[in-house]
Amino acid sequence: MLGLANLQEELIKNRAKELRGKSVLNWVNELLKEVDNQHNRIENTLKASNSNSRINKFDLEKLDSNRIFHISQIRKICMQYRLKFLDTSFFKGDYPSETISKINELERKHDLEIQGYKIIAPSILFKLKKADDPLLFAPIGNNLYYLIDKWGNDINVARKLKYWPVRTFDNFAFTLLFTTILLTTLCHQLFFGAEGTVAHFFIVFLFFLKGVIGMALFFGVSIGKNFTEYSWQSEHDKIQ
């Protein structure tokens with residue numbers, strides 16, 4: 001009749017066979033040291049990453065197709081939410097340990113060291129340490145990028161509306177025109193009463209247009225911010 005098995009003792013025996021006399025503590029320390037070395041290497045690569053001409057030869061069969069994006073799709077998101085898509089060497093935030101572990105696992109699965117990391121984040125994260133939904137990518141060639149991880153807080157949807165006027169010059173011009181028409185519609189009767197004509201409306205429109213453009217130029221020049229279509233891949237926010 002077969003006896004009972006003590007699983008703990010079986011585990012100990014199997015471990016002893018693998019270690020072949022090596023100290024368990026030394027074995028554990030070696031494993032932990034190897035993990036630390038891998039994490040340090042990945043963090044150093046992230047801090048110095050330059051994506052110029054870098055292509056990672058992933059095994060496409062092992063990639064999650066839902067995480068592959070073209071530069072045009074990345075550009076659209078950056079335009080909508082006024083985000084930047086830059087090399088991680090410009091990134092001032094911290095990387096969660098889970099993200100480093102995901103990179104390590106991805107490298108082991110594809111037997112390579114990932115290079116050329118890029119990241120999507122608000123411009124403030126390239127100046128200060130904050131957490132606002134960064135997305136970490138690795139290039140895979142032909143303007144395609146693989147999303148490795150995202151962390152932090154989700155972007156507020158209101159950000160899309162907030163920065164719509166500065167996506168492009170056309171958006172900015174439309175916003176100025178719409179603002180002028182709105183102000184004119186609301187205020188022209190204050191100047192000419194209910195008997196105001198189209199000519200009167202046009203006069204008030206020109207008055208407000210001049211004021212709106214003047215204010216836009218005053219604040220625009222003082223702030224010096226560039227339109228998103230020009231700044232989403234630039235480490236500079238302001239017009240150079």
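Just wondering, is there one or more residues in the stretch 164-180 that are surrounded by fewer than 17 Cβ atoms within 10 Å (Cβ to Cβ), of a type in the set (V, I, T) and not in a helix (DSSP H, G or I)? For the stretch 164-180, residues surrounded by fewer than 17 Cβ atoms within 10 Å (Cβ to Cβ), of a type in the set (V, I, T) and not in a helix (DSSP H, G or I): present. Residues that are in a strand (DSSP E or B) and touching an Asp or Glu at 6+ places or on another chain (Cβ under 6 Å) do occur in the stretch 127-136. If you go through the stretch 93-108 one residue at a time, do you hit one that is under 24 Å from T228 (Cα atoms) and touching a strand residue (DSSP E or B) at 6+ places or on another chain (Cβ under 9 Å)? Yes; the residues of the stretch 93-108 include at least one that is under 24 Å from T228 (Cα atoms) and touching a strand residue (DSSP E or B) at 6+ places or on another chain (Cβ under 9 Å). Residues in the stretch 29-72 that are among the small types (G, A, S) and assigned to a helix (DSSP H, G or I): S65, S72. Taking the stated definitions as given, is K57 in contact (Cβ under 8 Å) with a residue 12 or more places away in the chain, under 23 Å from W232 (Cβ atoms), assigned by TED's automatic domain parsing to the domain that holds R108 and charged (D, E, K, R)? In short, no.
The values are calculated or read from the model by the stated rules, or taken from the named source; none is laboratory data. For clarity, every value in this text was computed on a predicted model and none was experimentally measured. Glycine also receives a Cβ, built like all others from the backbone with ideal geometry; neighbour counts cover every protein chain displayed.
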